Structures are given as C-alpha cells and as structure tokens.
Amino acid sequence: MKPPENPLREFPLEKAFQWFEPGPVVLVSTAHRGKANIMTMSWHMVVEFSPQIACVVSPGNHTFAALRATRECVISIPGADLARTVVDIGNCSGREVDKFAAFGLTALPASSVRAPLIAECLAGLECRVADTRLVGKYSLFVLDGVKAWTNPRRKNRKTFHAVGDGTFVVDGRALNLKKRMTKWPEFI
C-alpha cells in the first residue's frame, strides 16, 4: 500500500512561534517614580481561572524595571480600532516618550494598584506580580488579577492578534458553543 502524499513542507524553526502567538495584543501600563508608561505586549497567556496571567517582558523594555520594582501593572485590551496606535506605542520607549500624551490616551486611576487604567480600551485587569522565579531565566512574570474592568460604551468589541511577522488578525465571526461546554459551567 502506498503511503499518503505528505502535504507538509519544512518551515524555518525561528519563525514557528508565529503559529502560537497567544491571545489579543494588549497594553501593559505601569507607574514608577511618578511616571506612567504603556507597553505593547503579545506574549502572554492565562494560566489560571482566578485570573492569573503569565507574560514575557524583555529586560530591555522600560516596563521591565517598573514591573520588577513596583510588582504591579494593568493589562488593558485595546479594540482593533486602536491597532495602529498600539503598534506605534510598541515602537518607542517610555524612557523618552510620555506615551499617554503622545498617543492621546486617557489614564484613569485604578482601585487596587498605582498603574493606570486606559479609558479607550475594551477592558482592563489590575494585576500584582505573584511569581518572579522565571524572570531571570525567561523574563516571565506571573501576575494575579485583582480587579477587572470593562468599557460598556465600546460597542465594537473586536480585538486583534499578532501573527508575529508584522501582520495582525482581527477577530472574525464568533462561534457560540456554550451548550457544548458542559465540563465547567461555572465559567460560562
């Protein structure tokens, strides 16, 4: 019997991460030494329902030092309409730029952390650093969400996702499969 034709082709290993890019592109805000800052981030994942989030922040980013020093931040979910602004935020450093002023974003006081919420975003999660054991080796912070916010004025709830090569995908048609989710109904 003849084996089936293999439709797969080799792909550059250094680009394979593009297939696994996680959830939506987010903005991470911090407040350190009297200055608020925003960082664009796409390398994050939910690790617990509580919610607990793991994220990679490069030691070269201004946010790394702030997050390490203050042990708190806000993760905000921008809508797809902010995609160009979010990319531009990621292409400059908070060491030189007041990103709230430069990009016309509104900092709002959070209730549990000093880092600001971002008014223009769809949602925000106030976080505290829960674990730094993997920061030295992998630049990976584990964050505990302590307060969640949503912006009901935002009618278009579409988010966008990094593909990893400078392109992005906007959320498309939603599939409602709630009736099939029988194992954990308390989370639906």
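Using R₀ = 22 Å, calculate the FRET efficiency as 1/(1 + (r/R₀)^6) where r is the Cβ-Cβ separation of MET181 and LYS147; round to 0.05. Provide the component values of the computation, followed by the final result.
On the way: r = 26 Å, r/R0 = 1.18.
The computed FRET efficiency comes out at 0.30.
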So what does the Cα-only Debye profile of the chain read at q = 0.09, 0.12, 0.16 Å⁻¹, as log10 I(q)/I(0), no solvent term? -0.37, -0.63, -1.06
Kirkwood Rh, angstrom, the range 129-188 [1 / mean 1/r, Cα pairs]: 16.0
Leaving out ligands and nucleic acids, and using a 1.4 Å probe, what accessible area per residue does the range 59-188 come to in Å²? 62
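With the full set of protein chains in place, find how many percent of the accessible area of the chain is carbon and sulfur; take the probe as 1.4 Å.
Numbers: 6940 of 12150 Å².
After summing per-atom areas, the C and S share lands at 57 percent.
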Apply the Kirkwood formula to the range 1-76: the hydrodynamic radius equals the inverse of the mean of 1/r over all pairs of different alpha-carbon atoms; give it in Å with one decimal. 15.2
Compute the label zone of ASN156 within the range 69-85: residues whose backbone N is under 13 Å from the point 7 Å along Cα-to-Cβ. 79-85
Measuring from a point 7 Å past the Cα of ASP165 along Cα-to-C-beta, which residues in the range 29-54 have an amide N at less than 20 Å? 42-43
In debye to the nearest 20, how big a dipole does the range 1-159 give about its Cα centre with +1 on each Lys and Arg Cβ and -1 on each Asp and Glu Cβ? 260
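The values are calculated or read from the model by the stated rules, or taken from the named source; none is laboratory data. Remember, predicted model here, so these are calculated numbers, not experimental data. Note: ideal-geometry Cβ built from the backbone for every residue, glycine included; neighbour counts use all protein chains shown. When the accessible area is computed, the model is the full protein with side chains, heavy atoms only, and any ligands, DNA or RNA have been set aside. Shrake-Rupley method; radii C 1.70, N 1.55, O 1.52, S 1.80 Å.
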